[in-house]
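Beneath this line is the structure, given in structure tokens, with notes to follow.
FYI, it's all coordinate maths here, none of it is from the lab. Because the structure is predicted, anything quoted here is derived from the model rather than measured. All Cβ positions, glycine included, derive from the backbone under ideal geometry; neighbour counts span all protein chains shown.
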């Protein structure tokens, strides 16, 4: 089934689909706590939802899906939880590699991945290499990511290039900035979704979401479903995007 047929089958206009969806996957811990389970169980259930969202977005023809998997601030969580998250990340990558290849999905990461454990970095590099030529969809995992750090890193790079005489300050444009962000070469998100009822951006893609449509849902991430994503996409298609202009 083509992505256009799939979109129409869900009552969506294939001509008005977002090209890039970003998601803040929040609520795993609360989901587990409500069921008197260890927080890790919430993360395990959340990984199943990641798998479903990747499949759904690929089927609908979304070009880029960016998932906020682990922030720079998350390093401050208890060591046992961080260790469990790293284990689940490696397990997810190893188990999903074949499906990414089969579904023509390119795997990518954004963030300070050099801070991740060595075995995780090796697995990331392996999956990236094996999916490098895929062009059906790009799956971005934001790992050890923080938007302020990304912007500081970009500013430092421009300053160094300017100091070295490689870049004139007068020549710095929006394109100059975008070319030095983790997301260089990608379109900006059209739609940002955050689960769990929190109404915050939480240091995620601050430059890139300047004109993204924002959608906040009360649903905890482990309870988020394809049906709810479809409803959000229908809401997205009803919105009028003017980008500061008047129609």
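Matching residues to (1) in contact with a strand residue (DSSP E or B) (Cβ under 6 Å, 6 or more places away or on another chain); (2) buried (at least 16 other Cβ atoms within 10 Å of the Cβ); (3) in a loop (DSSP other than H, G, I, E, B):
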| site | (1), (2), (3) |
| --- | --- |
| 185 | no, no, yes |
| 189 | yes, yes, yes |
| 192 | yes, yes, no |
| 206 | no, no, yes |
| 242 | no, no, yes |
| 245 | no, no, yes |
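Considering region 1-49 alone, what residues qualify as being under 16 Å from residue 137 (Cα atoms) and within 20 Å of the chain's Cα centre (by Cα)?
Selection gives 17, 18, 19, 20, 21, 22, 23.
Checking residue 217 against (1) closer than 25 Å to residue 13 by Cβ; (2) in contact with a strand residue (DSSP E or B) (Cβ under 6 Å, 6 or more places away or on another chain): exactly one of these is not met. Which one?
Among (1) closer than 25 Å to residue 13 by Cβ; (2) in contact with a strand residue (DSSP E or B) (Cβ under 6 Å, 6 or more places away or on another chain), the lone unmet condition for residue 217 is (2).
Any residue in region 146-163 that is in contact with a helix residue (DSSP H, G or I) (Cβ under 8 Å, 6 or more places away or on another chain) and free of Cβ contacts under 8 Å to residues at least 12 places away in the same chain? I'd like the intermediate steps shown before the answer.
So in region 146-163, the residues in contact with a helix residue (DSSP H, G or I) (Cβ under 8 Å, 6 or more places away or on another chain) come out as 146, 154, 158, 162.
Now narrow it down to the ones that are free of Cβ contacts under 8 Å to residues at least 12 places away in the same chain: 162.
Yes; the residues of region 146-163 include at least one that is in contact with a helix residue (DSSP H, G or I) (Cβ under 8 Å, 6 or more places away or on another chain) and free of Cβ contacts under 8 Å to residues at least 12 places away in the same chain.
If you scan region 78-116, which residues turn out to be surrounded by fewer than 15 Cβ atoms within 10 Å (Cβ to Cβ), within 27 Å of residue 135 (Cα to Cα) and out of contact with any helix residue (DSSP H, G or I) (no Cβ under 7 Å at 6 or more places or on another chain)?
From region 78-116, those surrounded by fewer than 15 Cβ atoms within 10 Å (Cβ to Cβ) are 78-80, 83, 91, 94-95, 98-99, 102, 104, 114-115; that's our starting set.
Subsequent filtering for residues that are within 27 Å of residue 135 (Cα to Cα) retains 91, 94-95, 98-99, 102, 104, 114.
Within region 78-116, 91, 95, 98, 99, 102, 104, 114 qualify.
Could you tell me which residue of region 138-161 is nearest to the chain's Cα centre (by Cα), considering only residues that are surrounded by 21 or more Cβ atoms within 10 Å (Cβ to Cβ) and assigned to a helix (DSSP H, G or I)?
Here the answer is 147.
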